[in-house]
Amino acid sequence: MFKPKYNLNPGLLDNIVRIKNLITELNNQKFSDIVLAKFEKDSYAISAHASTSIEGNPIPLTDVRKILKSTPAHIRDTEKEVLNYNKVLHYLNTLLKKPNPISKEFVCNIQAIVVEGLIDKKHIGKFRQSQVVVNNPKTRKIAFIPPNAKDITKLINELVLYLEKEYITTDPLILAGIFHKQFVIVHPFMDGNGRTTRLVTKYLLARMGLDTFQLFSFENYYNQNVTKYFTKVGIFGDYYDIVDNTDFTDWLIYFTDGIIDELLRVQKLLKNSIESIRITSYEKIIIEYIKKKGSISRSDYKKITDRAQSTQILDFKRLTDKNIIKKQGKGKATYYTLTEN
(Lines give C-alpha, C1' and ligand atoms only; values in the text may rest on other atoms or scores of the structure.)
Protein backbone atom coordinates (compact mmCIF):
# COMPACT_ATOMS: atom_id res chain seq x y z
CA MET A 1 0.00 0.00 0.00
CA PHE A 2 1.28 3.44 -0.94
CA LYS A 3 1.94 5.60 2.12
CA PRO A 4 4.24 8.54 1.30
CA LYS A 5 6.60 10.00 3.86
CA TYR A 6 6.54 13.75 4.37
CA ASN A 7 6.83 16.24 7.19
CA LEU A 8 4.44 19.16 7.62
CA ASN A 9 7.29 21.40 8.76
CA PRO A 10 6.94 25.18 9.31
CA GLY A 11 8.22 25.99 5.82
CA LEU A 12 5.62 23.79 4.11
CA LEU A 13 2.82 24.97 6.38
CA ASP A 14 3.73 28.61 5.73
CA ASN A 15 3.60 27.96 1.98
CA ILE A 16 0.15 26.37 2.22
CA VAL A 17 -1.20 29.28 4.27
CA ARG A 18 0.29 31.81 1.87
CA ILE A 19 -1.24 30.09 -1.15
CA LYS A 20 -4.67 30.09 0.50
CA ASN A 21 -4.31 33.82 1.26
CA LEU A 22 -3.21 34.64 -2.29
CA ILE A 23 -6.14 32.70 -3.72
CA THR A 24 -8.54 34.50 -1.39
CA GLU A 25 -7.12 37.86 -2.49
CA LEU A 26 -7.54 36.95 -6.16
CA ASN A 27 -11.06 35.64 -5.62
CA ASN A 28 -12.09 38.80 -3.79
CA GLN A 29 -11.05 41.01 -6.70
CA LYS A 30 -13.41 41.71 -9.56
CA PHE A 31 -11.97 41.43 -13.05
CA SER A 32 -13.64 42.38 -16.30
CA ASP A 33 -14.52 39.67 -18.81
CA ILE A 34 -11.96 41.21 -21.16
CA VAL A 35 -9.13 40.82 -18.63
CA LEU A 36 -10.12 37.25 -17.70
CA ALA A 37 -10.50 36.18 -21.34
CA LYS A 38 -7.04 37.53 -22.13
CA PHE A 39 -5.48 35.72 -19.17
CA GLU A 40 -7.27 32.45 -19.86
CA LYS A 41 -6.05 32.33 -23.45
CA ASP A 42 -2.52 33.27 -22.43
CA SER A 43 -2.41 30.73 -19.60
CA TYR A 44 -2.99 27.96 -22.13
CA ALA A 45 -0.14 29.23 -24.29
CA ILE A 46 2.22 29.60 -21.32
CA SER A 47 1.38 26.10 -20.04
CA ALA A 48 1.81 24.48 -23.46
CA HIS A 49 5.09 26.28 -24.02
CA ALA A 50 6.56 25.66 -20.56
CA SER A 51 5.65 21.99 -20.27
CA THR A 52 6.89 21.05 -23.74
CA SER A 53 9.97 23.22 -23.29
CA ILE A 54 10.86 21.26 -20.14
CA GLU A 55 11.04 18.18 -22.36
CA GLY A 56 13.32 19.94 -24.85
CA ASN A 57 10.87 21.50 -27.31
CA PRO A 58 12.67 24.56 -28.79
CA ILE A 59 9.63 26.58 -29.91
CA PRO A 60 9.61 30.03 -28.17
CA LEU A 61 6.49 31.35 -26.43
CA THR A 62 5.81 33.95 -29.14
CA ASP A 63 5.63 31.18 -31.76
CA VAL A 64 3.52 28.97 -29.48
CA ARG A 65 0.94 31.77 -29.31
CA LYS A 66 0.91 31.93 -33.12
CA ILE A 67 0.56 28.16 -33.48
CA LEU A 68 -2.38 28.04 -31.07
CA LYS A 69 -4.06 30.94 -32.83
CA SER A 70 -3.64 29.48 -36.32
CA THR A 71 -2.60 25.85 -36.83
CA PRO A 72 0.21 25.56 -39.41
CA ALA A 73 -0.63 23.85 -42.71
CA HIS A 74 2.23 21.39 -42.35
CA ILE A 75 2.75 20.40 -38.73
CA ARG A 76 6.18 19.41 -37.43
CA ASP A 77 6.55 17.12 -34.40
CA THR A 78 7.55 20.06 -32.18
CA GLU A 79 4.39 21.90 -33.19
CA LYS A 80 2.33 18.74 -32.72
CA GLU A 81 3.60 18.47 -29.14
CA VAL A 82 2.35 21.99 -28.41
CA LEU A 83 -1.02 21.42 -30.10
CA ASN A 84 -1.53 18.10 -28.29
CA TYR A 85 -0.77 19.68 -24.91
CA ASN A 86 -3.18 22.52 -25.61
CA LYS A 87 -5.83 20.02 -26.68
CA VAL A 88 -5.58 18.23 -23.33
CA LEU A 89 -5.76 21.52 -21.43
CA HIS A 90 -9.08 22.36 -23.07
CA TYR A 91 -10.34 18.81 -22.59
CA LEU A 92 -9.52 18.77 -18.88
CA ASN A 93 -11.11 22.16 -18.36
CA THR A 94 -14.42 20.85 -19.73
CA LEU A 95 -14.28 17.92 -17.29
CA LEU A 96 -14.21 20.29 -14.32
CA LYS A 97 -17.94 20.94 -14.73
CA LYS A 98 -18.43 17.40 -13.43
CA PRO A 99 -15.05 16.25 -12.06
CA ASN A 100 -14.31 12.56 -11.72
CA PRO A 101 -11.76 10.74 -9.57
CA ILE A 102 -8.37 10.01 -11.08
CA SER A 103 -8.11 6.45 -12.41
CA LYS A 104 -5.72 4.25 -14.40
CA GLU A 105 -7.95 4.73 -17.47
CA PHE A 106 -7.97 8.50 -16.95
CA VAL A 107 -4.18 8.90 -16.98
CA CYS A 108 -3.86 6.53 -19.96
CA ASN A 109 -6.36 8.65 -21.88
CA ILE A 110 -4.40 11.83 -21.13
CA GLN A 111 -1.13 10.24 -22.26
CA ALA A 112 -2.82 9.05 -25.46
CA ILE A 113 -3.73 12.61 -26.44
CA VAL A 114 -0.32 13.97 -25.39
CA VAL A 115 1.62 11.61 -27.67
CA GLU A 116 -0.94 11.22 -30.46
CA GLY A 117 0.85 11.15 -33.82
CA LEU A 118 4.28 11.33 -32.16
CA ILE A 119 5.18 7.77 -31.15
CA ASP A 120 4.45 4.17 -32.18
CA LYS A 121 0.74 3.35 -31.73
CA LYS A 122 1.53 0.33 -29.53
CA HIS A 123 2.79 2.73 -26.83
CA ILE A 124 -0.18 5.14 -26.97
CA GLY A 125 -2.58 5.03 -24.03
CA LYS A 126 -0.92 1.95 -22.55
CA PHE A 127 1.50 1.34 -19.72
CA ARG A 128 4.96 0.29 -20.83
CA GLN A 129 5.66 -3.40 -21.20
CA SER A 130 9.43 -3.22 -20.87
CA GLN A 131 12.07 -1.77 -18.58
CA VAL A 132 13.31 1.77 -19.16
CA VAL A 133 15.96 3.97 -17.58
CA VAL A 134 16.03 7.70 -16.91
CA ASN A 135 19.24 9.44 -17.94
CA ASN A 136 20.75 12.56 -16.45
CA PRO A 137 20.03 15.22 -19.14
CA LYS A 138 23.51 16.71 -18.70
CA THR A 139 25.78 13.68 -18.40
CA ARG A 140 23.54 11.26 -20.38
CA LYS A 141 24.38 8.62 -17.78
CA ILE A 142 21.73 6.52 -16.01
CA ALA A 143 20.30 8.46 -13.08
CA PHE A 144 17.26 6.36 -12.18
CA ILE A 145 15.90 2.89 -12.86
CA PRO A 146 12.07 2.97 -12.54
CA PRO A 147 10.02 0.00 -11.30
CA ASN A 148 9.54 -3.08 -13.43
CA ALA A 149 6.76 -3.02 -16.03
CA LYS A 150 4.89 -5.83 -14.25
CA ASP A 151 4.46 -3.63 -11.15
CA ILE A 152 3.16 -0.49 -12.86
CA THR A 153 -0.58 -1.21 -12.78
CA LYS A 154 -0.41 -2.08 -9.08
CA LEU A 155 1.59 1.06 -8.24
CA ILE A 156 -0.71 3.39 -10.18
CA ASN A 157 -3.82 1.80 -8.65
CA GLU A 158 -2.33 2.29 -5.20
CA LEU A 159 -1.59 5.93 -5.99
CA VAL A 160 -5.11 6.76 -7.20
CA LEU A 161 -6.59 4.86 -4.24
CA TYR A 162 -4.45 6.98 -1.91
CA LEU A 163 -5.72 10.18 -3.56
CA GLU A 164 -9.35 9.24 -3.04
CA LYS A 165 -8.82 7.93 0.48
CA GLU A 166 -7.06 11.13 1.58
CA TYR A 167 -9.26 13.51 -0.41
CA ILE A 168 -11.23 14.79 2.59
CA THR A 169 -8.55 14.77 5.28
CA THR A 170 -5.36 15.87 3.48
CA ASP A 171 -4.71 19.33 2.05
CA PRO A 172 -5.22 19.32 -1.75
CA LEU A 173 -1.85 20.96 -2.32
CA ILE A 174 -0.17 18.06 -0.53
CA LEU A 175 -2.14 15.49 -2.52
CA ALA A 176 -1.42 17.14 -5.87
CA GLY A 177 2.27 17.41 -5.03
CA ILE A 178 2.51 13.78 -3.90
CA PHE A 179 0.77 12.59 -7.06
CA HIS A 180 3.17 14.62 -9.20
CA LYS A 181 6.35 13.15 -7.74
CA GLN A 182 5.09 9.59 -7.38
CA PHE A 183 3.81 9.45 -10.96
CA VAL A 184 7.20 10.63 -12.22
CA ILE A 185 8.90 7.97 -10.06
CA VAL A 186 6.71 5.14 -11.36
CA HIS A 187 7.31 6.36 -14.93
CA PRO A 188 4.45 4.24 -16.33
CA PHE A 189 4.70 5.11 -20.03
CA MET A 190 7.33 4.71 -22.72
CA ASP A 191 6.94 8.40 -23.55
CA GLY A 192 4.95 11.42 -22.38
CA ASN A 193 5.38 10.80 -18.64
CA GLY A 194 6.36 14.37 -17.71
CA ARG A 195 3.67 16.09 -19.77
CA THR A 196 1.00 13.66 -18.55
CA THR A 197 2.08 14.20 -14.95
CA ARG A 198 1.87 17.97 -15.18
CA LEU A 199 -1.50 17.90 -16.94
CA VAL A 200 -3.10 15.56 -14.41
CA THR A 201 -1.60 17.65 -11.59
CA LYS A 202 -3.28 20.74 -13.08
CA TYR A 203 -6.57 18.85 -13.15
CA LEU A 204 -6.12 17.67 -9.57
CA LEU A 205 -5.46 21.21 -8.33
CA ALA A 206 -8.44 22.61 -10.24
CA ARG A 207 -10.70 19.78 -9.12
CA MET A 208 -9.73 20.65 -5.55
CA GLY A 209 -10.55 24.33 -6.02
CA LEU A 210 -7.33 25.90 -7.34
CA ASP A 211 -8.06 27.10 -10.89
CA THR A 212 -4.96 26.35 -12.93
CA PHE A 213 -6.63 26.80 -16.32
CA GLN A 214 -8.00 30.35 -16.35
CA LEU A 215 -5.24 32.20 -14.56
CA PHE A 216 -1.88 30.61 -13.96
CA SER A 217 0.59 27.98 -15.13
CA PHE A 218 2.70 26.30 -12.46
CA GLU A 219 4.67 24.63 -15.30
CA ASN A 220 6.14 28.06 -15.98
CA TYR A 221 8.01 27.95 -12.68
CA TYR A 222 9.62 24.60 -13.49
CA ASN A 223 10.69 25.82 -16.91
CA GLN A 224 12.69 28.65 -15.33
CA ASN A 225 15.17 26.10 -13.97
CA VAL A 226 14.63 22.70 -15.59
CA THR A 227 17.68 21.11 -13.94
CA LYS A 228 16.40 22.03 -10.48
CA TYR A 229 12.94 20.71 -11.35
CA PHE A 230 14.30 17.33 -12.46
CA THR A 231 16.47 17.15 -9.34
CA LYS A 232 13.54 17.89 -7.02
CA VAL A 233 10.88 15.76 -8.67
CA GLY A 234 13.03 12.70 -9.36
CA ILE A 235 14.93 10.23 -7.25
CA PHE A 236 18.29 8.67 -8.05
CA GLY A 237 19.30 5.03 -8.13
CA ASP A 238 17.27 1.84 -8.42
CA TYR A 239 13.59 2.23 -7.47
CA TYR A 240 13.53 -0.94 -5.37
CA ASP A 241 16.61 0.08 -3.39
CA ILE A 242 15.37 3.52 -2.39
CA VAL A 243 11.55 3.47 -2.51
CA ASP A 244 11.15 2.84 1.23
CA ASN A 245 13.37 5.81 2.08
CA THR A 246 11.82 8.33 -0.31
CA ASP A 247 10.76 11.51 1.48
CA PHE A 248 8.40 13.94 -0.28
CA THR A 249 8.94 16.94 2.04
CA ASP A 250 11.62 18.77 0.06
CA TRP A 251 9.69 18.31 -3.18
CA LEU A 252 6.43 19.55 -1.58
CA ILE A 253 8.16 22.75 -0.47
CA TYR A 254 9.51 23.27 -3.98
CA PHE A 255 6.10 22.39 -5.48
CA THR A 256 4.29 24.95 -3.32
CA ASP A 257 7.07 27.51 -3.87
CA GLY A 258 6.25 27.24 -7.58
CA ILE A 259 2.55 27.86 -7.05
CA ILE A 260 3.31 30.92 -4.91
CA ASP A 261 5.71 32.26 -7.54
CA GLU A 262 3.09 31.92 -10.28
CA LEU A 263 0.27 33.38 -8.18
CA LEU A 264 2.42 36.43 -7.41
CA ARG A 265 3.28 36.82 -11.10
CA VAL A 266 -0.38 36.64 -12.10
CA GLN A 267 -1.42 38.97 -9.29
CA LYS A 268 1.03 41.60 -10.55
CA LEU A 269 -0.04 41.18 -14.18
CA LEU A 270 -3.72 41.38 -13.27
CA LYS A 271 -3.11 44.59 -11.35
CA ASN A 272 -1.30 46.10 -14.33
CA SER A 273 -4.02 44.89 -16.70
CA ILE A 274 -6.77 46.43 -14.61
CA GLU A 275 -4.96 49.75 -14.57
CA SER A 276 -4.35 49.65 -18.33
CA ILE A 277 -7.85 48.43 -19.26
CA ARG A 278 -10.06 50.76 -17.28
CA ILE A 279 -13.12 51.31 -19.43
CA THR A 280 -15.01 54.60 -19.51
CA SER A 281 -18.79 54.65 -19.97
CA TYR A 282 -18.35 55.84 -23.58
CA GLU A 283 -15.76 53.17 -24.36
CA LYS A 284 -18.18 50.61 -22.97
CA ILE A 285 -20.83 51.84 -25.42
CA ILE A 286 -18.44 51.09 -28.31
CA ILE A 287 -17.60 47.61 -26.98
CA GLU A 288 -21.24 46.67 -26.39
CA TYR A 289 -22.22 47.93 -29.85
CA ILE A 290 -19.53 45.76 -31.49
CA LYS A 291 -20.61 42.74 -29.44
CA LYS A 292 -24.16 43.22 -30.66
CA LYS A 293 -23.54 44.25 -34.28
CA GLY A 294 -20.09 42.76 -34.98
CA SER A 295 -18.44 46.11 -35.81
CA ILE A 296 -18.83 49.87 -35.44
CA SER A 297 -17.97 52.86 -37.64
CA ARG A 298 -17.48 56.49 -36.70
CA SER A 299 -20.88 57.31 -38.19
CA ASP A 300 -22.50 54.55 -36.09
CA TYR A 301 -20.93 55.98 -32.96
CA LYS A 302 -22.03 59.50 -33.85
CA LYS A 303 -25.67 58.34 -34.02
CA ILE A 304 -25.66 56.83 -30.51
CA THR A 305 -23.67 59.46 -28.58
CA ASP A 306 -23.45 63.23 -28.28
CA ARG A 307 -19.64 63.26 -28.20
CA ALA A 308 -17.72 65.92 -30.11
CA GLN A 309 -15.83 64.64 -33.15
CA SER A 310 -12.41 65.13 -31.59
CA THR A 311 -13.50 63.24 -28.45
CA GLN A 312 -14.97 60.41 -30.54
CA ILE A 313 -11.58 60.00 -32.19
CA LEU A 314 -9.93 59.78 -28.76
CA ASP A 315 -12.43 57.13 -27.60
CA PHE A 316 -11.52 54.90 -30.53
CA LYS A 317 -7.79 55.60 -30.10
CA ARG A 318 -7.82 54.67 -26.41
CA LEU A 319 -9.56 51.36 -27.11
CA THR A 320 -7.17 50.65 -29.97
CA ASP A 321 -4.14 51.44 -27.77
CA LYS A 322 -5.50 49.08 -25.12
CA ASN A 323 -5.71 46.38 -27.80
CA ILE A 324 -9.42 45.93 -27.13
CA ILE A 325 -10.54 46.94 -30.64
CA LYS A 326 -8.74 47.03 -33.98
CA LYS A 327 -9.13 49.27 -37.01
CA GLN A 328 -10.35 47.77 -40.27
CA GLY A 329 -10.64 49.33 -43.74
CA LYS A 330 -9.54 52.76 -44.88
CA GLY A 331 -10.94 56.29 -45.22
CA LYS A 332 -14.71 56.55 -45.07
CA ALA A 333 -14.94 52.73 -45.10
CA THR A 334 -13.08 52.50 -41.76
CA TYR A 335 -14.73 50.40 -39.06
CA TYR A 336 -13.69 48.70 -35.82
CA THR A 337 -13.99 45.18 -34.46
CA LEU A 338 -12.99 43.53 -31.20
CA THR A 339 -9.41 42.29 -31.06
CA GLU A 340 -8.94 38.53 -30.93
CA ASN A 341 -6.40 38.10 -28.12
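Quick test for you: out of 148, 86, pick the one residue that is closer than 20 Å to residue 237 by Cα, assigned by TED's automatic domain parsing to the domain that holds residue 180 and either surrounded by 14 or more Cβ atoms within 10 Å (Cβ to Cβ) or not β-branched (Val, Ile, Thr) (or both).
Working: 86 fails: closer than 20 Å to residue 237 by Cα.
Result: 148 is the single residue among 148, 86 that is closer than 20 Å to residue 237 by Cα, assigned by TED's automatic domain parsing to the domain that holds residue 180 and either surrounded by 14 or more Cβ atoms within 10 Å (Cβ to Cβ) or not β-branched (Val, Ile, Thr) (or both).
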**OP:** Tell me, yes or no, whether region 99-116 has at least one residue that is farther than 19 Å from residue 207 by Cβ, surrounded by fewer than 19 Cβ atoms within 10 Å (Cβ to Cβ) and touching a Lys or Arg at 6+ places or on another chain (Cβ under 7 Å).
**Re:** no
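Residue by residue, here is whether (1) crowded, with 16+ Cβ neighbours inside 10 Å; (2) farther than 24 Å from residue 173 by Cα; (3) at pLDDT 90 or above holds:
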site: 26; (1), (2), (3): yes, no, no
site: 39; (1), (2), (3): yes, no, no
site: 42; (1), (2), (3): yes, no, no
site: 45; (1), (2), (3): yes, no, yes
site: 51; (1), (2), (3): yes, no, yes
site: 71; (1), (2), (3): no, yes, no
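Condition check: of a type in the set (Lys, Arg) and within 29 Å of the chain's Cα centre (by Cα). Does residue 298 satisfy that? Please lay out each step first, then the result.
Details: of a type in the set (Lys, Arg): yes; within 29 Å of the chain's Cα centre (by Cα): no.
For residue 298, the condition - of a type in the set (Lys, Arg) and within 29 Å of the chain's Cα centre (by Cα) - is not met.
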Original post:
When the residues of region 211-260 are filtered to those that are assigned to a helix (DSSP H, G or I) and among the polar types (S, T, N, Q), which remaining residue is surrounded by the most Cβ atoms within 10 Å (Cβ to Cβ)?
Top reply: 256
**OP:** State the number of residues belonging to region 264-283 that are buried (at least 18 other Cβ atoms within 10 Å of the Cβ) and at pLDDT 90 or above.
**Re:** 0
Subject >> Top-ranked residue of region 278-324 - restricted to ones that are in contact with a Phe, Trp or Tyr (Cβ under 8 Å, 6 or more places away or on another chain) and outside any helix (DSSP H, G or I), ranked as nearest to residue 339 (Cα to Cα) >> reply: 295
Original post:
When region 121-138 is examined, which residues are found to be part of a loop (DSSP other than H, G, I, E, B) and without any contact (Cβ under 8 Å) to a residue 12 or more places away in the chain?
Top reply: 136
**OP:** For region 187-210, enumerate the residues that are crowded, with 24+ Cβ neighbours inside 10 Å and β-branched (Val, Ile, Thr).
**Re:** 196, 197
Original post:
residue 78 passes all but one of (1) over 17 Å from residue 220 (Cβ atoms); (2) exposed (fewer than 14 other Cβ atoms within 10 Å of the Cβ); which number fails?
Top reply: (2)
**OP:** For region 139-170, enumerate the residues that are of a type in the set (Gly, Ala, Ser) and closer than 22 Å to residue 102 by Cα.
**Re:** 149
Original post:
Taking the stated definitions as given, is residue 63 without any contact (Cβ under 8 Å) to a residue 12 or more places away in the chain, of a type in the set (D, E, K, R), in the same structural domain as residue 184 (by TED's automatic domain parsing) and over 16 Å from residue 222 (Cβ atoms)?
Top reply: yes
**OP:** Please list, ordered by first then second residue, the pairs with beta carbon atoms under 8 Å, 6 or more apart or interchain, first in region 313-341 and at positive phi and not assigned by TED's automatic domain parsing to the domain that holds residue 70, second surrounded by 13 or more Cβ atoms within 10 Å (Cβ to Cβ) and aromatic (Phe, Trp, Tyr).
**Re:** 329/335
**OP:** State which residue is modelled with the highest pLDDT when the search covers only region 148-196 and only residues that are part of a loop (DSSP other than H, G, I, E, B) and among the acidic types (Asp, Glu).
**Re:** 191
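The values are calculated or read from the model by the stated rules, or taken from the named source; none is laboratory data. What you see is a predicted model, and the numbers here were worked out from it, not measured in a lab. All Cβ positions, even for glycine, are placed from backbone atoms using ideal geometry, and neighbour counts span all protein chains on display.
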